[in-house]
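The structure appears below as structure tokens.
Only the coordinates and a few stated rules stand behind these numbers; no lab work does. Bear in mind the structure is a predicted one, so any value in this text is a computation, not a measurement. Neighbour counts are summed over all protein chains in view; Cβ atoms, including those assigned to glycine, are modelled from backbone coordinates with ideal geometry.
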Amino acid sequence: MRLNFDTLLNRLATGAFAVAMAASMADLAQAEDVKTISLGVLQIGSDQVYPPYDYVENGETKGLDADVMALIAPELGLEAKFIDTRFANLISGLQANRYDVIASALYVTAARAKVVDYVPYAKTGGSLVVRSDDTFAPKTPADLCGKRVGNLKGAAWVPQLQNASDTDCASSPMQIQEYATSAEAAQALLSRGVDVVFDDAGVSKAAVIASGERLKITSDEILFPVVIGLGVKKGNVELKNALEHKLNELVASGAYDEILKKYNLGMPSAEEIATSLSN
């Protein structure tokens, strides 16, 4: 039997419509499988004053966490919606059902693991930054003996640097100088007030870009690594498992590597995760 052209078009259109409907139904079923506060929406708590991890530009959420959730949420058939919340209130907001998940460079710690379930998705830590025109190219804290080292005031790694100085530097200790902001530390480096800056790996990458490449990162590995994770309300196993499953798929496909490279971060090992959960 021969089909005329109109009949063929109708059948093709009907078939395409059926495929589209099937895909839409699959997305809807997937969204319904993952129970969220608002149907079809993944509400995300995030402190959006911490570039390059979380910030607002032209009214839009940007940064690492925005990029991560832009990959994961659609895979769950959900729309990502960020809710700006100060860091100190993130966990209490999660417990009060203000949002479904925290995505805000949340460090994985044993204390926090008692009140949230984690999905580890990156590791940060420190990077060493020098001026691009400098021949000094330190790789590890042991290379900083006798040098003026700029840091963010009160940063978690300052005691670790001091310990490295005490252990490795003997009569030529590091001169550790602290600044109120990372931007001030970078400016001190550019004006030759310090020889090197030790800062968060992601912040260091942003500083290099902001300087117009007048700065450069010389360390090859993340120093004093810290695991960061998505935070899910304790006991919300369905959402935790769904996020974990999609993240693992993205990592296996290689799609996630581009995000980590963009922010100068790495993927934590099982050992690093276990260590973080025990501290």
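Residues whose amide H lies under 5 Å from that of Leu106, counting only those 5 or more places away or on a different chain, are Gly229; hydrogens are built 1.01 Å from N in the peptide plane.
So who's got an amide H within less than 5 Å of the one on Asp54, skipping anything under 5 residues away but keeping other chains? H placed 1.01 Å off N, in plane. Those lying under 5 Å, H to H, from Asp54 are Leu64. Across the stretch 135-147, rounded Karplus estimates of 3J(HN,Hα) from the backbone phi angles (6.51 cos²θ - 1.76 cosθ + 1.60, θ = phi - 60°) give 7, 5, 9, x, 10, 9, x, 5, 7, 9, 4, x, 9 Hz, Gly and Pro being marked x. Can you pick out the pairs among Lys139/Lys246; Lys114/Lys153; Lys123/Lys240; Lys240/Lys262; Lys216/Lys262; Lys153/Lys261 whose Cα atoms lie more than 23 Å from each other? As for pairs spanning more than 23 Å Cα to Cα, those are Lys139/Lys246; Lys114/Lys153; Lys240/Lys262; Lys153/Lys261. Going by neighbour counts of Cβ atoms within 10 Å, the residues Met267, Met174 line up, fewest first, as Met267, Met174.
What does DSSP give for the stretch 125-224 in terms of the percent of beta bridges that are antiparallel, rounded to the nearest 5? If you can, show how the numbers build up before the last one.
On the way: 8 of 15 bridges.
Roughly 55 percent of the DSSP beta bridges within the stretch 125-224 come out antiparallel.
Which percent, to the nearest 5, of DSSP beta bridges fully inside the chain are antiparallel? The antiparallel proportion sits near 65 percent. Between Leu42 and Glu79, Ala80, Lys81, the built amide H atoms are under 5 Å apart, and every one of these is 5 or more places off in sequence or on another chain. Please give the net charge around Asp84, taking every other residue with its beta carbon less than 10 angstrom from that of Asp84, where Lys and Arg add +1 and Asp and Glu add -1. Within the 10 Å Cβ shell, the charges total -1. Screening the chain for whole DSSP H helices with an alpha carbon extent of at least 30 angstrom along the helix axis and a mean Kyte-Doolittle hydropathy of at least -0.5 yields 5-33.
If you add up the charges near Ile273, with Lys and Arg at +1 and Asp and Glu at -1, over every other residue whose beta carbon is less than 15 angstrom from its beta carbon, what do you get? Please report the intermediate quantities before stating the final value.
Numbers: positive: Arg112, Lys123, Lys240; negative: Asp117, Glu244, Glu271, Glu272.
It works out to a net charge of -1.
Scan (1) 145; (2) 268; (3) 181 for the value of volume of the Cα convex hull per residue in Å³ calculated from this model and give just the label. Matching entry in (1) 145; (2) 268; (3) 181: (3). Backbone phi angles across the stretch 218-225, fed through the Karplus curve with coefficients 6.51, -1.76 and 1.60 (θ = phi - 60°), yield HN-Hα couplings of 10, 6, 8, 10, 6, 9, 6, x Hz in residue order; Gly and Pro are listed as x. Counting charges near Val41 (Lys, Arg +1; Asp, Glu -1) among other residues having Cβ under 12 Å from its Cβ returns a value of 0. Only DSSP H runs of four or more residues enter the estimate; each adds -39500 (n - 2.57), and after division by the residues of the chain the mean residue ellipticity at 222 nm equals -12500 deg cm²/dmol.
Among Val158, Val49, sorting on how many other beta-carbon atoms sit within 10 Å of each Cβ, with the fewest leading, yields Val49, Val158.
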